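The block underneath contains the structure these notes are about, expressed in structure tokens.
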Amino acid sequence: MLVRLLLASLLFMCLPVVAAPWLVASDEAFPPYAYIDPASKQPAGMDTEIVRAILDGMGQPYEIKLYPWERVKKMLEFKQVDMAYQFAGTPERAAQYHLVGPIRYGITILMARRDSTINFQSLEDLTPYTIGTVFGYAYTEAFDKASLKKDAGATNPQQLMQKLIARRVDIIIGDKAQLLYLARELGVETEVRPIGKPLAEVPRFVGFPKDESTKAAMFAEGLEKARHDGALEKVLNKWQ
């Protein structure tokens, strides 16, 4: 009996160790970067594919689920998920989470209706106007701190674009590729226009809980591997 127990113990010790799956969360309504595909009902988008490519290259099991953005941030804060994506590289976000990246860059712009005469040289020029933002989103440090008339009533970028078209706000702010994508999807591409110069080129990161330095370091290595072996470039080229 003792011999059998020893053999069983040795056999158990020789079995390969399977890493526990990481729980990964993102915004359910942030196309074309993260959204639920209407056909497959599965997480999709450029950032989703970037994260998948990195985790696949690491050999790290994972499960991606998408939720409203405010819930995603809370889940990461309370460690209900291992990581989340994507976060703007602002001081506020860096203070909240352990950021790793950037996984890509986005261009932040302002957009108005095509029939308006609004333009600007500096943020102070926008004082007379109501600017639509998405509740809970961070944009650029200068814009976030500026004393402007901001309407954060939208809960996702789609609602933001609809508010602009409905003349409930004068201007909206967001990622250039995303706003143009949404305008095309809603059939209003000829009714809107970017105004002024882009506010910033913003690096986009994944986030881990502040004290999860080990997993953050593992993902950073995986990101570097994806850069070197072309996996990251392949995803970016597909979407751009």
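The values are calculated or read from the model by the stated rules, or taken from the named source; none is laboratory data. Just so you know, these numbers come straight off a predicted model, no measurement behind them. Glycine also receives a Cβ, built like all others from the backbone with ideal geometry; neighbour counts cover every protein chain displayed. Accessible surface areas use protein heavy atoms only, side chains included; no ligands, DNA or RNA. Shrake-Rupley method; radii C 1.70, N 1.55, O 1.52, S 1.80 Å.
So here's what we get for this one:
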| item | result |
| --- | --- |
| Relative packing of 129-137, 38-46, which averages over residues the other C-beta atoms within 10 Å, highest first | 129-137, 38-46 |
| Centroid-to-centroid separation of region 207-237 and region 77-154 [C-alpha atoms, Å] | 24 |
| Estimated [θ] at 222 nm from DSSP helical runs (n ≥ 4, -39500 (n - 2.57)) normalised by residues in the chain, nearest 500 | -11000 deg cm²/dmol |
| For Gln86, residues with placed amide H under 5 Å, excluding near neighbours | Asp27 |
| Under 5 Å, built H, 5+ apart or other chain: amide partners of Val202 | Gly106, Ile107, Thr108 |
| Label-point separation, Lys197 to Gln159 (7 Å along Cα→Cβ), nm | 3.4 |
| Ser147/Ala94 FRET efficiency (R0 22 Å; Cβ-Cβ; nearest 0.05) | 0.40 |
| Karplus 3J(HN,Hα) series, Hz, for region 86-99 with 6.51 cos²θ - 1.76 cosθ + 1.60 (x for Gly, Pro) | 10, 10, 5, x, 10, x, 4, 5, 5, 6, 7, 10, 8, 8 |
| Probe 1.4 Å, protein heavy atoms only - accessible area per residue of region 123-188 in square angstrom | 47 |
| P(r) weight above 26 Å for region 32-181, C-alpha pairs, percent | 31 |
| Region 142-230 - percent of accessible surface contributed by carbon and sulfur, probe 1.4 Å | 49 |
| At R0 = 45 Å, FRET efficiency that the Cβ-Cβ distance of Tyr105 and Arg167 yields, to 0.05 | 0.90 |
| Computed E for Glu233/Thr127 - FRET, C-beta separation, R0 51 angstrom, nearest 0.05 | 0.75 |
